[in-house]
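The values are calculated or read from the model by the stated rules, or taken from the named source; none is laboratory data. From a predicted model like this one, the values you see are computed outputs, not experimental measurements. Neighbour counts run over all protein chains shown; Cβ positions are idealised from the backbone, glycine included.
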Amino acid sequence: MAKKDSLLKKEKMEIHRVAHYAFFAGLLIAIVAGFFRNVVAPEVLVTTLVILGFLVGLFNLTAKETTPFLVASIALMLAGIVNLGLIPGVGIYLRSILSNIVVFVVPGAIILGMKAIWKLASD
């Protein structure tokens with residue numbers, strides 16, 4: 001019985017680690033693609049960021065991390081409304097990076113929002 005618990009714990013840790021790497025990969029891709037916004041195909045970029053965001057939302061966050069993640073997601077989505085393109089020189093890149101980060105974070109926010117609603121409804 002102890003061996004089975006150990007295997008489950010190890011498998012859960014491996015899934016958590018994959019989602020952890022997915023978070024850093026998504027963030028890195030969002031930033032780098034923001035600098036090379038005319039080079040990267042938008043369809044491939046958006047699809048990649050959405051898939052990585054779903055992985056993060058499904059496997060990475062614990063119950064105590066849910067509320068801070070959702071608050072940060074709301075802050076990023078609201079910041080995405082601002083027209084950073086008006087800042088001379090770097091504004092276009094900042095707007096592109098922030099848009100990519102929002103595309104990456106929103107699927108995770110949707111998953112966690114659904115989990116939070118489910119938990120509230122089941123209690």
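Things worth noting here:
- Among the candidates 14, 43, residue that is surrounded by fewer than 19 Cβ atoms within 10 Å (Cβ to Cβ), part of a helix (DSSP H, G or I), modelled with pLDDT under 80 and out of contact with any strand residue (DSSP E or B) (no Cβ under 8 Å at 6 or more places or on another chain): 14
Every residue, every condition in (1) in contact (Cβ under 8 Å) with a residue 60 or more places away in the chain; (2) touching a Pro at 6+ places or on another chain (Cβ under 9 Å); (3) more than 15 Å from residue 111 (Cα to Cα), yes or no:
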site	(1), (2), (3)
41	no, no, yes
44	no, no, yes
47	no, no, yes
51	no, yes, no
63	no, no, no
66	no, no, no
79	no, no, yes
82	no, no, yes
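- Taken together, 100, 83 contain a single residue that is touching a Gly at 6+ places or on another chain (Cβ under 7 Å) and within 19 Å of residue 37 (Cα to Cα), which is 100.
Here's the yes/no breakdown for (1) under 23 Å from residue 17 (Cα atoms); (2) among the β-branched types (Val, Ile, Thr); (3) part of a helix (DSSP H, G or I):
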position	(1), (2), (3)
48	yes, yes, yes
81	no, yes, no
97	no, yes, yes
110	yes, yes, yes
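- Members of region 72-97 found to be hydrophobic (A, V, I, L, M, F, W, C), under 20 Å from residue 24 (Cα atoms) and surrounded by fewer than 19 Cβ atoms within 10 Å (Cβ to Cβ), listed by number: 72, 74, 75, 76, 77, 94
Matching residues to (1) of a type in the set (Val, Ile, Thr); (2) in contact with a Lys or Arg (Cβ under 7 Å, 6 or more places away or on another chain); (3) modelled with pLDDT under 90:
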| position | (1), (2), (3) |
| --- | --- |
| 58 | no, no, yes |
| 70 | no, no, yes |
| 76 | no, no, yes |
| 81 | yes, no, yes |
| 87 | yes, no, yes |
| 100 | no, no, no |
| 104 | no, no, no |
| 113 | no, no, yes |
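- Residue that is nearest to residue 39 (Cα to Cα), among those in region 105-123 that are in contact with a Phe, Trp or Tyr (Cβ under 9 Å, 6 or more places away or on another chain) and not β-branched (Val, Ile, Thr): 107
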